[in-house]
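The values are calculated or read from the model by the stated rules, or taken from the named source; none is laboratory data. Given the structure is predicted, the values throughout are model-derived calculations rather than measurements. We place every Cβ from the backbone using ideal geometry, glycine too, and count neighbours over all the protein chains shown. Only protein heavy atoms, including side chains, enter the accessible area calculation; ligands, DNA and RNA are left aside. Shrake-Rupley method; radii C 1.70, N 1.55, O 1.52, S 1.80 Å.
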Amino acid sequence: MKPTGIVRRIDDLGRVVMPKELRRTLRIREGDPLEIFTSGNSVMLKKYSPATGEIAEAAKDYAKTLAEVTGHIALVADKEAFVAVAGSPQREWLGKPLPDNWLEESQKSPSGLFQDKDEKISAAFSSIVVNDDTAGLVILLSKGIAPLGDLELKLVETAAKFIGKQTR
């Protein structure tokens, strides 16, 4: 464990406020579940992600097929980072955190299309839902000027639903 130098008092209802800087750094948002662990006289909080490992397992083959069929880069992410990649060198994406602007797009809508003209990419994305909770994203990515359309959107929505059902 790494010390932060932050001290907080417990209020009369047993609550502790986690500083905004920590929440931002750890990408913890309002409503996110936290898992509580104890060890001796220590209490540890961890972002709760019930299906993270399961998403990676279910996603590998699906991402490969999606990339082969479309000719685009297929990415699958849990809430934190990319867990499956096909159609691109894995070292470029695998294990890397989702870009903040991609997270913002996915929070606006459970699925959709977006373009990043600065990066010269377009993408279709859909949220993976497990037990009524967003557990990750399926993203189809096209490097270049041509935007992706409704067909690619339907493909990622289908992939997200399939992966979500596999991880229940």
### Summary
Computed over the chain, protein heavy atoms only, probe 1.4 angstrom, the accessible area per residue in square angstrom equals 65
### Query
Pulled fully out, how much extra length does the chain show between Ile10 and Lys120, if you take 0.36 nm times their separation in residues and subtract their Cα-Cα distance?
34.8 nm
### Task
Grab the beta carbon distance between Thr65 and Ala146, set R0 = 25 Å, and tell me the FRET efficiency rounded to 0.05.
0.70
### Query
Across all directions of projection, what mean area in square nanometres is found for the Cα convex hull of region 6-52?
4.4
### Query
Where Rh denotes the Kirkwood radius from the mean inverse Cα pair distance, what is Rg over Rh for region 100-168?
0.99
### Query
What GluC sites (Glu not before Pro) does region 1-104 have in DSSP loop regions with at most 13 other beta carbons within 10 Å?
Glu30
### Message
Charges on Cβ only, +1 for Lys and Arg, -1 for Asp and Glu, centred on the Cα centroid of region 54-99; of Ala86, Ala67, Pro99, which one is farthest towards the dipole's positive end?
### Response
Pro99
### Query
Over the chain, what lengths in whole Å, largest first, do the semi-axes of the equivalent ellipsoid take, defined as the square roots of 5 times the eigenvalues of the alpha-carbon gyration tensor?
34, 17, 14
### Message
Over 20 Å between Cα atoms: which of Lys46/Lys79; Lys47/Lys79; Lys20/Lys117; Lys20/Lys96; Lys60/Lys161 fall into that group?
### Response
Lys20/Lys117; Lys20/Lys96
### Message
Leaving out ligands, DNA and RNA, and with a 1.4 Å probe, what % of the accessible surface on the chain is carbon or sulfur?
### Response
52
### Summary
Quick calc, the chain, dipole around Cα centre from Cβ unit charges on Lys, Arg (+) and Asp, Glu (-), nearest 20 debye, gives 440
### Query
His72: net charge of surrounding residues, Cβ under 12 Å, Lys/Arg +1, Asp/Glu -1, itself excluded?
-1
### Query
Can you list, bin by bin at 5 Å, the percent of alpha carbon pairs in region 79-134, starting at 0?
4, 16, 24, 30, 20, 6, 2, 0
### Query
How big is D, in µm² s⁻¹, for region 1-97 by Stokes-Einstein at 10 °C and 1.306 mPa s if Rh is the Kirkwood radius over C-alpha pairs?
98
